[in-house]
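The values are calculated or read from the model by the stated rules, or taken from the named source; none is laboratory data. Quick caveat: nothing in here was measured; it's all calculated off a predicted structure. FYI the Cβ positions are ideal-geometry reconstructions off the backbone, even for glycines, and counts take in every protein chain you see. Please note that ligands, DNA and RNA were not included when accessible areas were found on the heavy atoms of the full protein model with its side chains. Shrake-Rupley method; radii C 1.70, N 1.55, O 1.52, S 1.80 Å.
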Amino acid sequence: MMGQNIFSELLSVLKEKKLTLSTAESLTGGMLASSIVDISGASKSFKEGFVTYCDEAKIRTLGVSPDTIKKHGAISEETAREMAEGAAKSSGCDIAVSTTGNAGPDCDEGKEAGLVYIGIYAYGAAEAFEFHFKGGRESVRKQTVAAAAKLLLDKLL
């Protein structure tokens, strides 16, 4: 369990504000949702998690535009925003977070290992944040989960 305190705090704030959360994950493969549900009482705020690892799943499940992926790639700010918005709309939650990027070790879509985009859909608008993490696959994925939790908490506070 990584950084359990931040997830406890996140769920506490969501509960206090009576908001619900969903996740849309690519490179983290469910690690973010798992970190959330590791906390007792998560069911009061956490609605559902989508693991959309391939482009087709992002399009079919989250409504990401095929044009977005064609033009910008799955590893992009635009895709991260559309994933977060799609998760919110599909689940009917208030807040959604998405993760997409390259955990490595090789380049993907011509983008270096460690390049990550985290999307946040909140209060009717989606935005995305770019990160450059160092380390192996597991390390990049864990850093992404921690950064997503921090972004969510900052957005709520």
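For Cys93, the conditions (1) touching a residue at least 12 places away in the same chain (Cβ under 8 Å); (2) closer than 27 Å to Ser139 by Cα all hold with the exception of (2).
Within region 28-62, can you find the residues that are among the polar types (S, T, N, Q), assigned to a loop (DSSP other than H, G, I, E, B) and within 21 Å of Glu16 (Cα to Cα)? Passing the criteria: Ser40, Ser45. Checked against the criteria, Glu56 counts as loosely packed, with under 15 Cβ neighbours inside 10 Å and acidic (Asp, Glu).
In region 113-157, which residue that is aromatic (Phe, Trp, Tyr) and surrounded by 19 or more Cβ atoms within 10 Å (Cβ to Cβ) is nearest to Val37 (Cα to Cα)?
Per the stated criteria, the residue is Tyr121.
Just one of the listed residues (Gly73, Gly104, Gly49) is surrounded by 14 or more Cβ atoms within 10 Å (Cβ to Cβ) and within 12 Å of the chain's Cα centre (by Cα), namely Gly49. None of Gly92, Gly110 is at pLDDT below 95, among the small types (Gly, Ala, Ser), open to solvent by 30 Å² or more (accessible area, probe 1.4 Å) and over 19 Å from Gly29 (Cα atoms) except Gly110.
Might you let me know whether region 41-60 holds any residue that is closer than 20 Å to Glu138 by Cα and in contact (Cβ under 8 Å) with a residue 60 or more places away in the chain?
First, the residues of region 41-60 that are closer than 20 Å to Glu138 by Cα: 49-54.
This time we only want the ones that are in contact (Cβ under 8 Å) with a residue 60 or more places away in the chain, so: none.
No, there is no match, as no residue in region 41-60 is closer than 20 Å to Glu138 by Cα and in contact (Cβ under 8 Å) with a residue 60 or more places away in the chain.
Being more than 14 Å from Val145 (Cβ to Cβ) and surrounded by fewer than 23 Cβ atoms within 10 Å (Cβ to Cβ) is the requirement here; does Lys18 meet it? It is true that Lys18 is more than 14 Å from Val145 (Cβ to Cβ) and surrounded by fewer than 23 Cβ atoms within 10 Å (Cβ to Cβ).
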